[in-house]
1. Could you please give the count of residues in segment 49-75 that are within 18 Å of residue 97 (Cβ to Cβ), among the hydrophobic types (A, V, I, L, M, F, W, C) and modelled with pLDDT of 80 or more?
2. With the checklist (1) under 21 Å from the mean Cα position of the chain (by Cα); (2) surrounded by 19 or more Cβ atoms within 10 Å (Cβ to Cβ) in hand, flag the one item residue 253 doesn't pass.
3. Give segment 7-21 a look and list any residue that's more than 19 Å from residue 105 (Cα to Cα) and not in a helix (DSSP H, G or I), or say none.
4. Given the condition surrounded by 18 or more Cβ atoms within 10 Å (Cβ to Cβ) and of a type in the set (D, E, K, R), answer yes or no: does some residue in segment 153-170 qualify?
5. Read through the list (1) in contact with a Ser or Thr (Cβ under 6 Å, 6 or more places away or on another chain); (2) free of Cβ contacts under 8 Å to residues at least 40 places away in the same chain; (3) under 19 Å from residue 134 (Cα atoms), then give the number of the only condition that residue 204 fails.
6. In the list 151, 197, 160, which residue meets the criterion of being touching a residue at least 12 places away in the same chain (Cβ under 8 Å) and under 16 Å from the mean Cα position of the chain (by Cα)?
7. Give segment 171-200 a look and list any residue that's surrounded by 15 or more Cβ atoms within 10 Å (Cβ to Cβ) and either in a loop (DSSP other than H, G, I, E, B) or of a type in the set (D, E, K, R) (or both), or say none.
8. Suppose the filter is farther than 28 Å from residue 277 by Cβ, among the aliphatic types (A, V, I, L, M) and in contact with a Lys or Arg (Cβ under 9 Å, 6 or more places away or on another chain); does residue 191 pass it?
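The values are calculated or read from the model by the stated rules, or taken from the named source; none is laboratory data. The shown structure was predicted, so the numbers you read here are calculated from the model rather than taken from an experiment. A quick note on method: Cβ atoms are made from the backbone with ideal geometry, for glycine too, and the neighbour counts reach across all protein chains shown.
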Amino acid sequence: MFKEIRKISIPLLLEYSISLPASPKIFARLSKLIDNDDVGLDYIASIMKMDPSLISHVLRVANSAYYGGAVKLSDIESAIARIGFNEVHKVLSIVIARDSFYQAMPAYGITATEYADECIAVAVASETIAKRLGYDINTSYIAGLLHAIGKLAINLYLEKVEQTVDLSASEIEGSLYEIEETLLGITSWKAGFELLKHWQFDSEIWQPIRQQNSPIHASQFVERTAILTLSRWLALHLADFDPEAEYPDTIRWALETLNFDATDLVSLFDYIRMEFNDRQNLFSMLI
């Protein structure tokens, strides 16, 4: 049995979220700069220096055997040069995941590793689909990485108000989002998009998250919403994909919206698994 829980106040949720890591906002800014040929290494390094934790983690990765770090580097400019511009985005994404999403979530009954793996898997799937379809991969990656940030905000809120709850143990029938709505008065989708909107992320990132509760009825950024919907499903089934199984309505809608051939899903799964394993190897250096 759950004791009565006070419904979540959005203004208070946003106030408490000030203590969440700032690195997702820095990553969103850096992603645009890295793709701009007119932006130099020194400027990118100056942005990264806004977050000391970010610097230390990037240096740790750059000095690892993964990147042949025989000579230890101590400055971020040299680290970027060693990694290479093409790899900077990948390394940053893993560092951000470590800094922001490697956190246990008692409110959802999941460990830090489970939460981080979910965020990285959806981000990699989003990036892969966007690349195949010719969409901007950075926007898709960021939306995938941040798709469950509402859970993080809700978990923090409940800790701040000293309310203990494990939504995964609820006896209420229905989906997680129905349980959230019943007990908390808000879904993690709404908490997530309210937070990202408050942080002034581009609407093409938070609108697809906002529309995940009913993606088929999306009215804005429909293709972006379809990418996120398909990516979440792909990430969920990385270990148990059955090409013969019937697809849910939302997945059939996403495939049709993106003009994506369902017969390509097997090769897509294989590629996403490979990329996800690569990111996990990088991630393991930081934990």
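1. Going through segment 49-75 one residue at a time, the tally reaches 5.
2. Of everything listed in (1) under 21 Å from the mean Cα position of the chain (by Cα); (2) surrounded by 19 or more Cβ atoms within 10 Å (Cβ to Cβ), residue 253 misses just condition (1).
3. Listed by number, the list holds a single entry, 9.
4. no
5. (2)
6. On the way: 197 fails: touching a residue at least 12 places away in the same chain (Cβ under 8 Å); 160 fails: under 16 Å from the mean Cα position of the chain (by Cα).
Unique residue meeting the criteria: 151.
7. Once the filter is applied, which keeps residues that are surrounded by 15 or more Cβ atoms within 10 Å (Cβ to Cβ) and either in a loop (DSSP other than H, G, I, E, B) or of a type in the set (D, E, K, R) (or both), segment 171-200 yields 180, 181, 186, 187, 190, 194, 197, 199.
8. Values: farther than 28 Å from residue 277 by Cβ: yes; among the aliphatic types (A, V, I, L, M): yes; in contact with a Lys or Arg (Cβ under 9 Å, 6 or more places away or on another chain): yes.
When the stated conditions are applied, residue 191 passes them.
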